[in-house]
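Student: Could you have a look at this structure, given as structure tokens, before my questions?
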Amino acid sequence: MKYFMSDKPAIGVAGAGFSGAVIAHQLAEQGHPVSVFDARSHVAGNCHTERDAESGVMAHVYGPHIFHTDDERVWRFVNRFGSFEPYVNRVKAITGGRVFSLPINLLTINQFFGKTFNPHEAAGFIASLGDNRIENPRSFEEQALRFVGRELYEAFFKSYTIKQWGVPPSALPASILKRLPVRFNYDDNYFAHRHQGMPREGYTAIVARLLDHPRITVHLGRAFHRSEAGNYGHVFHSGPIDGWFDHAEGRLGYRTLDFEPIRGEGDFQGCAVMNYCDDSVPWTRISEHKHFAPWEPRDKTLCFREFSRECSPEDTPYYPIRLVAEKAQLARYVDRARHEWGVTFVGRLGTYRYLDMDVTIREALETADAFLESRRSGAPMPAFVNDPLA
Ligand code: UDP
């Protein structure tokens, strides 16, 4: 037994993001000593927030993260570890030299087409633009053409998506576009969930509080390697699944992001997120981080231009690409994982899925529940509680 006197086996957790921290916390509460490892010098993974010394702005270091959920258990859970301020994400988008409201709503439709439609008229009009020959949209492009038609697709989605994903929208799954609603009223809330907010002290404070437990030891600047798994009663791996197997089946495709800071006085763009949908602009969006914290006004400002590109071995992975080729490769990793002893793969990187924070937390809670139940019943703990291939 490592580190603590306990009748429970020591648990190893690779990665101190939401997945790893939630699992560590839940298992520590039930008496397990837990060692958490992260290769970076901070906790919270890509949700990491840090106060910028020059402007005083709370910066989302790895890009904007807005917490939103319909899941009551998750909402109650995160509120135990930090207080959330009301925040509603209202995104603007520039296309063809004009500014519009996103997600596509009645204001977007009326301004784009120069109309004064009411909700019923707008719904009929957009339906008339949709391509009804596409019965079962499978790709991002088909989904857009079917439900909003070519003009809106080309204005708002086509070039942005090529910049973001590096492939034509015809090669991407429809599920990516399904993240965004289309509304026939003036509701410009980017998210359709009951709860939405920003942690008053940032995400890192929440993750640090999750990990602040007498039975948890955190090792930062220290990657966890598969060869160490035998030291633990069980391991939860929230790093890239291909990294666990030393990329034996090749590297899975990810997109990474580069951020170019813009500093200044006052208000740079008047909103938190401005998307740039034209291909003539190389960045996808500019985020102005003080607008994520409207309860703490600042004179100075800090913005980031965001650029997306293919992730190389030295880069931080952000978005799993999951095209057909990657899915076949993923299936081979999943097969290896199912033959691995004593490891469960979790989170966005461990299961190679495009997960939001709330889903990540819900799955981590369920994973901890499943582990505790497996220890009670004696049933083996599976490699995945959430199937990466589903
Ligand atoms: N998207 C787009 N134009 C926009 C905003 C989004 O084409 O102005 C597409 C793009 O492919 C993106 C997807 O919709 O990857 C999902 O958008 P979301 O805002 O959920 O992306 P995230 O904030 O997770 O990067």
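Student: Residue check: is ASN185 in contact (Cβ under 8 Å) with a residue 40 or more places away in the chain, touching a Leu at 6+ places or on another chain (Cβ under 6 Å) and not in a helix (DSSP H, G or I)? Lay out the reasoning, then the answer.
Tutor: Numbers: in contact (Cβ under 8 Å) with a residue 40 or more places away in the chain: yes; touching a Leu at 6+ places or on another chain (Cβ under 6 Å): yes; not in a helix (DSSP H, G or I): yes.
When the stated conditions are applied, ASN185 passes them.
Student: If you take the residues in segment 61-79 that are open to solvent by 10 Å² or more (accessible area, probe 1.4 Å) and not in a loop (DSSP other than H, G, I, E, B), which one is nearest to SER238 (Cα to Cα)?
Tutor: So the residue we want is PHE77.
Student: Are any residues in segment 142-170 more than 9 Å from the ligand (Cβ to nearest atom), assigned to a helix (DSSP H, G or I) and open to solvent by 50 Å² or more (accessible area, probe 1.4 Å), and if so, which ones?
Tutor: If the condition is that a residue be more than 9 Å from the ligand (Cβ to nearest atom), assigned to a helix (DSSP H, G or I) and open to solvent by 50 Å² or more (accessible area, probe 1.4 Å), then GLU142, ARG146, PHE147, ARG150, GLU151, GLU154, SER170 are the ones that fit.
Student: ALA21 is checked against (1) more than 28 Å from TYR232 (Cα to Cα); (2) open to solvent by less than 20 Å² (accessible area, probe 1.4 Å) and fails just one. What number does that condition carry?
Tutor: (1)
Student: Restricting to segment 331-352, name every residue that is in a loop (DSSP other than H, G, I, E, B) and surrounded by fewer than 20 Cβ atoms within 10 Å (Cβ to Cβ).
Tutor: HIS339, GLU340, TRP341, GLY342
Student: Turning to a different aspect of this structure: Which of the residues belonging to segment 121-134 are part of a loop (DSSP other than H, G, I, E, B) and more than 30 Å from the chain's Cα centre (by Cα)?
Tutor: Those that are part of a loop (DSSP other than H, G, I, E, B) and more than 30 Å from the chain's Cα centre (by Cα): ASP131, ASN132, ARG133.
Student: Just to be sure, is VAL91 open to solvent by 70 Å² or more (accessible area, probe 1.4 Å), within 28 Å of ARG194 (Cα to Cα) and aliphatic (A, V, I, L, M)?
Tutor: no
Student: List the number of the failed condition for ALA123; all other conditions in (1) open to solvent by 50 Å² or more (accessible area, probe 1.4 Å); (2) in contact (Cβ under 8 Å) with a residue 24 or more places away in the chain; (3) more than 11 Å from the ligand (Cβ to nearest atom) hold.
Tutor: With (1) open to solvent by 50 Å² or more (accessible area, probe 1.4 Å); (2) in contact (Cβ under 8 Å) with a residue 24 or more places away in the chain; (3) more than 11 Å from the ligand (Cβ to nearest atom) applied to ALA123, the lone miss is (1).
Student: For the subset of segment 171-188 comprising residues that are within 8 Å of the ligand (Cβ to nearest atom) and under 15 Å from TYR319 (Cα atoms), which member is most open to solvent (accessible area, probe 1.4 Å)?
Tutor: ARG179
Student: Return a yes/no flag: does segment 346-364 have any residue that is away from the ligand (no atom under 16 Å from the Cβ), touching a Pro at 6+ places or on another chain (Cβ under 8 Å) and either farther than 30 Å from ASN275 by Cα or of a type in the set (Phe, Trp, Tyr) (or both).
Tutor: no
Student: Let me ask you something else. Looking only at segment 243-253, count every residue that is surrounded by fewer than 20 Cβ atoms within 10 Å (Cβ to Cβ), closer than 13 Å to TYR352 by Cβ and in contact with a Lys or Arg (Cβ under 8 Å, 6 or more places away or on another chain) and tell me the total.
Tutor: 2
Student: Continuing with this model, one more query. Scan segment 297-324 for residues that are surrounded by 13 or more Cβ atoms within 10 Å (Cβ to Cβ) and either free of Cβ contacts under 8 Å to residues at least 24 places away in the same chain or over 28 Å from LEU389 (Cβ atoms) (or both) and jot them down.
Tutor: Passing the criteria: ARG298, LYS300, THR301, LEU302, CYS303, PHE304, ARG305, GLU306, PHE307.
Student: Taking the residues in segment 259-276 that are hydrophobic (A, V, I, L, M, F, W, C) and either without any contact (Cβ under 8 Å) to a residue 40 or more places away in the chain or away from the ligand (no atom under 15 Å from the Cβ) (or both) as candidates, determine which candidate is nearest to VAL99 (Cα to Cα).
Tutor: If we take residues in segment 259-276 being hydrophobic (A, V, I, L, M, F, W, C) and either without any contact (Cβ under 8 Å) to a residue 40 or more places away in the chain or away from the ligand (no atom under 15 Å from the Cβ) (or both), then PHE268 is nearest to VAL99 (Cα to Cα).
Student: Against the condition crowded, with 16+ Cβ neighbours inside 10 Å, within 30 Å of LEU365 (Cβ to Cβ) and not small (Gly, Ala, Ser), how does PHE84 come out, does it pass?
Tutor: Considered against the rule, which asks whether it is crowded, with 16+ Cβ neighbours inside 10 Å, within 30 Å of LEU365 (Cβ to Cβ) and not small (Gly, Ala, Ser), PHE84 comes out as yes.
Student: Would you kindly identify the strands (runs of 3 or more DSSP E) lying entirely within segment 190-242 that contain at least 2 residues that are open to solvent by less than 10 Å² (accessible area, probe 1.4 Å), of a type outside the set (Asp, Glu) and at pLDDT 95 or above?
Tutor: Fully inside segment 190-242 and qualifying: 195-199, 234-237.
Student: Check off (1) free of Cβ contacts under 8 Å to residues at least 24 places away in the same chain; (2) more than 18 Å from the chain's Cα centre (by Cα); (3) assigned to a loop (DSSP other than H, G, I, E, B) for LEU355 and give me the number that stays unchecked.
Tutor: Only one criterion in (1) free of Cβ contacts under 8 Å to residues at least 24 places away in the same chain; (2) more than 18 Å from the chain's Cα centre (by Cα); (3) assigned to a loop (DSSP other than H, G, I, E, B) is unmet by LEU355, namely (2).
Student: Just wondering, is there one or more residues in segment 87-103 that are assigned to a loop (DSSP other than H, G, I, E, B), at pLDDT 95 or above and more than 20 Å from the chain's Cα centre (by Cα)?
Tutor: Start the filter on segment 87-103 by keeping residues that are assigned to a loop (DSSP other than H, G, I, E, B), which leaves 87-90, 96-97, 103.
Now restrict to residues that are at pLDDT 95 or above: 87-90, 96-97, 103.
Filter again for more than 20 Å from the chain's Cα centre (by Cα), leaving 96-97.
Checking segment 87-103: at least one residue is assigned to a loop (DSSP other than H, G, I, E, B), at pLDDT 95 or above and more than 20 Å from the chain's Cα centre (by Cα).
The values are calculated or read from the model by the stated rules, or taken from the named source; none is laboratory data. Owing to the predicted nature of the structure, the values given are computational and were not obtained by experimental measurement. Using ideal geometry, Cβ is built from the backbone for each residue, glycine included, and neighbour counts are taken over all protein chains shown. SASA here: full protein model, heavy atoms, side chains in, ligands and nucleic acids out. Shrake-Rupley method; radii C 1.70, N 1.55, O 1.52, S 1.80 Å.
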